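What follows draws every value from the coordinates through simple rules; no lab data is involved. Everything numeric here is computed off the predicted structure, so don't read it as measured data. Quick reminder, even Gly has a Cβ in these numbers, built from the backbone with ideal geometry, and neighbours come from all protein chains shown.
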Amino acid sequence: MTETSPLILQADASGIATAAALLTKGALVAFPTETVYGLGADARDGGAVAAIYAAKERPSFNPLIVHVPDVATAQRYVAWPETADILAQAFWPGPLTLVLPLLPDHGLSSLVTAGLPTLAVRVPAQASAKALLEAFGGPVAAPSANPSGRISPTTADHVLQGLGGRVAAIVDDGPCSVGLESTIIGLDPDPVLLRAGGLPSEAIEAALGGPFHTMASPPENEQVTAPGQLVSHYAPAAALRMNAQTARAGEVLLGFGPMTCDLNLSETGDLHEAAANLFDCLHQLDKLHRPIAVAPVPTHGLGRAINDRLARAAAPRP
Ligand code: TXA
Ligand code: MG
């Protein structure tokens, strides 16, 4: 792990080539996707994957998503039921991660899956991410590029603030267009929602032709055994309170829709805009070191994932 400042690379051919060469050397490279910035490493290189956990100070039981450029590459690593085909046809490339049974001889570091018999795999839509995956030519393990438990990064600057010299390079491709992590669906073999995210459940239901199950979060204070279900997550340093109509003394108010507030997720009440702004607003308010009150956000469409992230940001800290 280097203590010097990371290289800031443009998302052009020369920046992508440098980023791919660093990945090949086993270095950590933060790169943009349409959801959030990822902290990437060669998923076959145990030392590189271990460096991800170290840089994030991430609990080792929490496995990583592997990023690939296309369906054919995903099929080298995981079993591929018909439902995977339906969902991949409908939503890849895009903000959807599928958790599927690992194939034998997958060649990935066991640290990627934290010893689970399944693998989370995703094909991101961001052109620069696809270019990096193709230039590197291998599977890239990448969690969100933030210290574990803290607010996810949607700009290169967020990554720099959070991880600084713990990464070799950051590919800067501007703010993320979706702004929420991918929706995670497990297929075992029936679909189950493991994390609400940048692809609304309604769209997945439409593709599947009906409703599907949701894995419940563990109750507060209970030992977390299932990955992706940590109660406190995405947390600013200060306390956060949801469904606030007005700010209490000392609080800053994060609004939604037309209202008086300190910052607004979307003045017009647009959930896509609110999703894209969410983490940047939390990063900005976090710097004020004042408790944060957040106005009610509807629970349909992307509002489900926005409320999920806010609830985890508001949860008691471990
Ligand atoms: O949009 C995203 O998904 C971003 C970008 C960078 O792709 N990545 C991301 O990674 O959000 P991360 O590590 O912050 O979240 C991955 C989630 C974790 O909650 C982890 O527990 C879950 O995926 N996960 C990974 N492998 C799993 C598996 N085999 N079974 C169940 N959950 C898994
Ligand atoms: Mg994360």
Three principal axis lengths of region 7-214 [C-alpha, angstrom, descending]: 46, 35, 31
Amide proton proximity set for residue 195, modelled H, under 5 Å, gap of 5+: 184
Highest-first arrangement of 90-98, 47-55, where packing means the average Cβ count within 10 Å: 90-98, 47-55
Anisotropy class of region 33-141 from Cα gyration tensor, a/c 1.5 cut: oblate
Proximal lysines relative to residue 130, as straight alpha-carbon distance under 20 Å, when same-chain residues fewer than 8 apart are discounted: 25
The chain: DSSP helices with Cα axial extent of at least 15 Å and average Kyte-Doolittle hydropathy no lower than 0.5: 13-24, 46-56
Contour excess over end-to-end distance, with Cα ends at residue 246 and residue 213 and 0.36 nm allotted per residue: 8.4 nm
Loop sites in region 1-97: GluC sites (Glu not before Pro), DSSP, at most 15 other Cβ within 10 Å: 3, 57
Under the Karplus curve 6.51 cos²θ - 1.76 cosθ + 1.60, θ = phi - 60°, whole-Hz ³J(HN,Hα) for region 251-261, x wherever Gly or Pro sits: 7, 9, 10, 9, x, 8, x, x, 5, 8, 6
For residue 119, residues with placed amide H under 5 Å, excluding near neighbours: 100, 102
Gain in span if fully extended, residue 134 to residue 259, counting 0.36 nm per residue against the direct Cα distance: 40.5 nm
Rough spin-label spacing in nm, given labels placed 7 Å along Cα→Cβ, for residue 85 and residue 299: 3.6
Dipole magnitude of the chain, debye to nearest 20 (Cβ charges: Lys/Arg +1, Asp/Glu -1, about Cα centre): 740
Residue-wise HN-Hα coupling along region 147-152, computed from phi with Karplus coefficients 6.51, -1.76, 1.60 (Hz; x: Gly, Pro): x, 3, x, 9, 5, 5
Highest to lowest packing among 288-295, 11-18, scored as the average C-beta count within 10 Å: 288-295, 11-18
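How do 36-42, 257-263 rank on mean C-beta neighbours within 10 Å, highest first?
Packing proxy ranking, top to bottom: 36-42, 257-263.
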Residue 40 long-range amide H proximity, modeled H, under 5 Å: 29, 30, 31
Sum of -39500 (n - 2.57) over DSSP H runs of 4+, divided by residues of the chain (222 nm, nearest 500): -8500 deg cm²/dmol
